[in-house]
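Just below is one structure, and these are the notes that go with it.
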Amino acid sequence: MKNFINLGRDVNRLDGYDKVSGNAKYIADYEFPGMLYAKVLRSPHPHAEIISINTSAAEKMEGVIAVTHSGKCSHKMGLYLVDRPVFATGKVRFKGEPVAAVAALTEDIAAAAIKKIKVKYKMLPLVDNIEDALDKNATLVHPDLMKYSYLPIYYPKKGTNIFNHFPLRKGDIKKGFKQSYKIYENEFTLPQIQHVPMEPHGAIAKWDRNDKLTVYSSVQSPFTLRNLLRLAFGLSHKDVRVIAPYVGGGFGGKAGINMEPLAVALAKEAKGKWIKLIFSREEVFLGTTVRQAMRARVKTGIAKNGRIIAEEIEMIFDGGAYAEYGTNVVRAAGYTCIGPYDIKNVKGDTYGVYTNHLVGGAFRGFGHGELHWAVESQMDIIANDLKMDPAEFRRLNVLKPGSINSMGEKITKHTGDMVACIDAVAKDLKWGKPSKKPAKPYIKRGKGLAVLEKAPAMPANATSCARVKFNEDATVIVQFSGMEIGQGCITALTQIAAERLKMDVSKLHAAGLPDTDFSPYEWQTVASRITWAVGNAIINAVDDAHEKIKKVASKVLKVKASQLDIDGEKVFVIGNKGKSIALPLIIMGYQYPDGHTIGGPVEGVGTFTPHLTNLDAKTGQGHAAAEWTFGCEGAEIEVDTRTGELKILNLVGAFDLGTVINPSTARGQIIGGMIQGLGSAVLEELKYKDGKIANPSFVDYKIPTAADLPDKIKHIFIQTPDDGGPFGARAIGEHPMISIPPAIANAIYDATGVRIKALPLTDEKILSSLKEKK
Amino acid sequence: MENFEFISPITIKGAVSQYKKGANNYYLAGGTDLIVLMREGILVPEKIIDLKTAGLPSGIKKLKTEIRIGALATLSEIEHSSFIRKEIPFLAEAAGKLGSPLTRNRATIGGNLCNASPAADTATPLIAVGAKFILSDGKKERRVKAEEFFKGVKQTVLKKGELLKEIVIPRSAGKGIFYKKSRIKLVDLATVNMTVYREKKKYRIVIGACHITPLRIRAAEEKLNKAKKIDLALINETAEIVVKTIKPISDMRGSAEYRKQLVETHVARLIGELAGVEV
Amino acid sequence: MSKDITLNVNGIDHHVNIQGNETLLKVLRDKLGLTAAKEGCGAGECGACAVIYNGSPASSCLILAVEAEGVEILTLEGITPKDHLHPIQQAFIDKGAVQCGFCTPGMIITTYSLLKSNPDPSEDEIKKAISGNLCRCTGYVQIIEAIREAARRLKRVKGRRK
């Protein structure tokens, strides 16, 4: 490990003061004079034709300023597939879909006005699950699918509910199965779940009479929001300004475009007025996005020596009523479909289908929590059947330097060390040794582990920009538009800038909350890519600033720029430190004794775009992964076999995240992700009744509290530097959530011999599975 | 939330007469349920009558033969009361398992009982310990046994305008255990809850969230009370009687079948613990 | 119904006109400009709106403003000293207990109250005390560590005063 001055140490969060003092402003905290307040009317039905909308009574109410619906605002939106109307148009496709909206002088008036809007519906057949959607005679949720615009890297199927099919073909699957000594086939499912950011979504919009639009939003991706708003509303980028305050958690739920167009549609009707729309918690459940439900069938062929030689995997995602962002979840899960394994012959088919459920979208893990649930349960089934140690079975089969992954990329020693992750988890769990004997005979203990991999899922042209600006006293302001959504990017990116500047981080200030009029471009804060991608852009920005300083200094010191170096305090001649200029004397231009000044304020600009390719349409082969993070997660649990009660004794996760920039914030990401993973493993599920969501509140959608923590929880850093990452760092944001569910399911099997193939692993399900086994 | 008239009566009589003036008036105690229902538009009251100013008893009093808990005592007060913890620890336990600490600092025992949820956490310990409720209509008072207070889901013996004023618990040397199963460890509604209580070798068994009201299972109690010796077989038979008596429903928190299995196992464990029998 | 009332918040009497149906949270945020308390659910399930009410932490979304007349109310703004941070706040920063920050004001309010009544809480007592404050980012571990650290620091401050 190199000697870093700012990296690998717990620099306190730079947003810490704002957040512990109440100083930090979130979207709901903003108030502007003359502001109007908005409320949304939502569909009570999951699938129905809209016969008529009558808003006259609402419009007549005192204090109501604007009412809008599809008759006035017929715009569509979508990041990858433009299929989602701002307001339900012609029909409603899920319970909770926005039908109309009102802006009024107060929230109470807006709420009362909403109730006066009369909508007539005619029921349509319900597409209530994946089976309904794929039925030969299925009702089409989007009969006009092929008329929608979409990026050419997605493959909707005409005349079906399939909005994307991602095929992956590698080697010769038939031959692989023919050569197999044993073949295993299993099916696994998981339900929709919600992100549950503690901050509900909100937006504040003003549409001026000169057609300039300003939007404040709880947004992960201000520039992508700007782009999608201008596409939806037919404006130029220069006329749309998005300002992002602190965001109270995103987890993918505030990526792309969400509820902002509702506020913008009202702003267009009430020009010159600020429109404030803050979702209630129920609306967060109904009206944002969710993680898609999934059904996977995995068929695996094993050679006599325990090597996997063939795998066929079919994953079907319930994308809900609109696919827009979720289209890419299908693609990302599709190209990683076999997980971090070295398998010669692969056939993968990943589908996304429309249903009348909540809209699926980006969610921490982006298809990988889903695929690893299937794959890592399957691997455990195989290892146990082969009477091989499940850790050893994985060591034998996982990707190693020299392996070729699912889409044909070659793994090198810089990609990361999967085996080291497995070893670390095995050691912590005292793998191979039986658990301590429980106090009662009916309590059973067991251990399980599961590996994972993920690369940032993004289009090949996802790009980043950063700036460093020197101040008069040679302190530095760093500008970027990676959003601070809690993950600590402001702090980590400032550490990276300081490291490259060879300055202590205390000399830097991060202007980390973006305003698209002033901030450098950033594609999106998603895919665990910010530290990695923006970190690289920042390094380039510092180098650019340094070049500019050297250019002026070379004139002053009369040497070539290449003979100069900068140490954070001065620019000096290499080999002759005495011949130097202190930075404050040069970063605003260098002034000769006679007053003549050369140069000017030093600002460095850096960009970064990963080198990726589109994937082959028929085989899914190509290069879509900018970098991989490997990991392994393990659990030790006990089950009360009389009640099904599950107790988590120990959770451990080891991740090869390359160089750790900030151990404290990295740990926060890992532990937080593992506990979110725990929620998805044992608790969380959006439940439907007659196609309507039945638990849109914290009363019946439970997430873990502090009292639900495992007895022990541990994170382990494996640090194989990534040769493409800033100072060797790679992504860690999403990964800790991914393989907690299979690790726990595998531990339950170890303890009880019961294999549960459907999430969540509730006590009730464990008990009924135990009864079935008897 | 729709607007309403807010009344702060200074006597119980005043509160009751205000309540009776309309068909859509509601009493406010801790507000932790009422305000949620109002916010969701499920309740749209004309008048909210604040009981906190109406002279209802609020504290916990230790008398010679009984303990009195004012209807306005918060669940936190009960949870942390040193002599409730000493004399009726299973009631303190039940109070401490209701909602979150933030909720318990506001929510009152009167509110929890008058809401008459089948899963009300404080109901099973009070029924088990033989508590009586003092009800007042502003003029007269009457006493009802805790087990006779609940009539159905959200239904009690309270007449229009009548209030729960105070809870009277006989002081005794009995021992009880409260058990609650919920989806997460704390801050959740009960999938099932129960109290098993033993006093002078007589048992009381009360199960919550498995019927339209919290339910005392007398047939099961009889089985134990008649027995000369309590052993594992008898406990299991008793648990079977309990399971046969309850009529749980399937809902978001668990299926009827799961509730039955939970009750069967846990009621046996509780009896076993009180009887000193390994279950 | 609308009414003029006096709310005592952070030691200052505020005269405000309120509607009967306004919650304490709404009045604190919209009328007094005290926005540290957040609305995370509006139903008393998440703890983001916690304030110290009459000496104990409570969800201000489940208190009507009209009920709050004559009650001492303390918000995060009132806990924060004039020219530095409270030891709890500093411990939250030092221990990495903050991520998105939305639950942080409520967490600190609950911690403040816990450490007043129990200066040396066990890990289980801490978990129980903050069980009504949901956090989706941290997994709670660093929050619990921060609370233990705050307890240590507050004891040291007390020790010095003696």
Residue check for A:S52: hydroxyl-bearing (S, T, Y), part of a loop (DSSP other than H, G, I, E, B) and over 30 Å from A:P721 (Cβ atoms): no
Number of the condition not met by A:N650 [criteria: (1) open to solvent by less than 50 Å² (accessible area, probe 1.4 Å); (2) outside the structural domain of A:A751 (by TED's automatic domain parsing)]: (2)
Exclusive hit being in contact (Cβ under 8 Å) with a residue 24 or more places away in the chain and more than 10 Å from every other protein chain (Cβ to nearest Cβ), set C:L74, C:L34: C:L74
Number of positions in segment B:1-41 that are loosely packed, with under 15 Cβ neighbours inside 10 Å, within 12 Å of chain C (Cβ to nearest Cβ) and modelled with pLDDT of 95 or more: 1
For C:A43: the one exception among (1) more than 7 Å from chain A (Cβ to nearest Cβ); (2) within 25 Å of B:I7 (Cα to Cα): (1)
Among the residues listed as C:L7, C:L85, the single one being open to solvent by less than 40 Å² (accessible area, probe 1.4 Å) and either more than 9 Å from chain A (Cβ to nearest Cβ) or over 30 Å from A:N662 (Cβ atoms) (or both): C:L7
Test: residue in segment A:568-577 that is closer than 30 Å to A:G482 by Cβ and either loosely packed, with under 14 Cβ neighbours inside 10 Å or of a type in the set (A, V, I, L, M, F, W, C) (or both): yes
In segment C:133-147, residue farthest from the other protein chains (Cβ to nearest Cβ) [restricted to those that are in a helix (DSSP H, G or I) and β-branched (V, I, T)]: C:I147
Considering residues of segment C:112-132 that are outside any loop (DSSP other than H, G, I, E, B) and more than 12 Å from chain B (Cβ to nearest Cβ) only, the residue nearest to the chain's Cα centre (by Cα): C:Y112
Some residue of segment A:615-633 being part of a strand (DSSP E or B), within 30 Å of A:L126 (Cα to Cα) and among the hydroxyl-bearing types (S, T, Y): no
Selection within segment C:16-26 - open to solvent by less than 10 Å² (accessible area, probe 1.4 Å) and either farther than 21 Å from C:Y112 by Cβ or within 12 Å of chain A (Cβ to nearest Cβ) (or both): C:I18, C:G20, C:L25
Hits in segment A:595-628 - residues which are polar (S, T, N, Q) and out of contact with any strand residue (DSSP E or B) (no Cβ under 6 Å at 6 or more places or on another chain): A:T609, A:T613, A:N614, A:Q621
Any pair with Cβ under 8 angstrom, 6 or more apart, that starts in segment B:146-167 at a residue that is free of Cβ contacts under 8 Å to residues at least 40 places away in the same chain and at positive phi and ends at one that is of a type in the set (G, A, S) and surrounded by fewer than 21 Cβ atoms within 10 Å (Cβ to Cβ): B:K154/B:S117
Qualifying helices (runs of 4 or more DSSP H) (wholly inside segment B:68-127; at least 3 residues being small (G, A, S) and surrounded by 22 or more Cβ atoms within 10 Å (Cβ to Cβ)): B:89-96
Cross-chain or 6+ apart pairs with Cβ under 6 Å, segment A:413-425 first and in the same structural domain as A:M674 (by TED's automatic domain parsing) and within 13 Å of A:F717 (Cα to Cα), then basic (K, R) and surrounded by 23 or more Cβ atoms within 10 Å (Cβ to Cβ): A:I422/A:R394
Subset of segment A:696-716 that is farther than 30 Å from A:H357 by Cβ, open to solvent by less than 40 Å² (accessible area, probe 1.4 Å) and assigned to a loop (DSSP other than H, G, I, E, B) - its residue that is farthest from the other protein chains (Cβ to nearest Cβ): A:P710
Search result, residues across segment C:136-160 that are hydrophobic (A, V, I, L, M, F, W, C) and free of Cβ contacts under 8 Å to residues at least 24 places away in the same chain: C:V141, C:I144
Which listed residue, of C:S56, C:S60, is in contact (Cβ under 8 Å) with a residue 40 or more places away in the chain, hydroxyl-bearing (S, T, Y) and more than 12 Å from chain A (Cβ to nearest Cβ): C:S56
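For segment A:239-351, give me every one of the helices (runs of 4 or more DSSP H) that falls completely inside it and has 3 or more residues that are assigned by TED's automatic domain parsing to the domain that holds A:Y37.
Once the helices (runs of 4 or more DSSP H) in segment A:239-351 are filtered for at least 3 residues that are assigned by TED's automatic domain parsing to the domain that holds A:Y37, what remains is A:260-269, A:281-287.
The values are calculated or read from the model by the stated rules, or taken from the named source; none is laboratory data. Since the model is a prediction, treat every value here as computed from it, not as a measurement. All Cβ positions, even for glycine, are placed from backbone atoms using ideal geometry, and neighbour counts span all protein chains on display. Areas reflect the complete protein model, heavy atoms only, side chains present, ligands, DNA and RNA absent. Shrake-Rupley method; radii C 1.70, N 1.55, O 1.52, S 1.80 Å.
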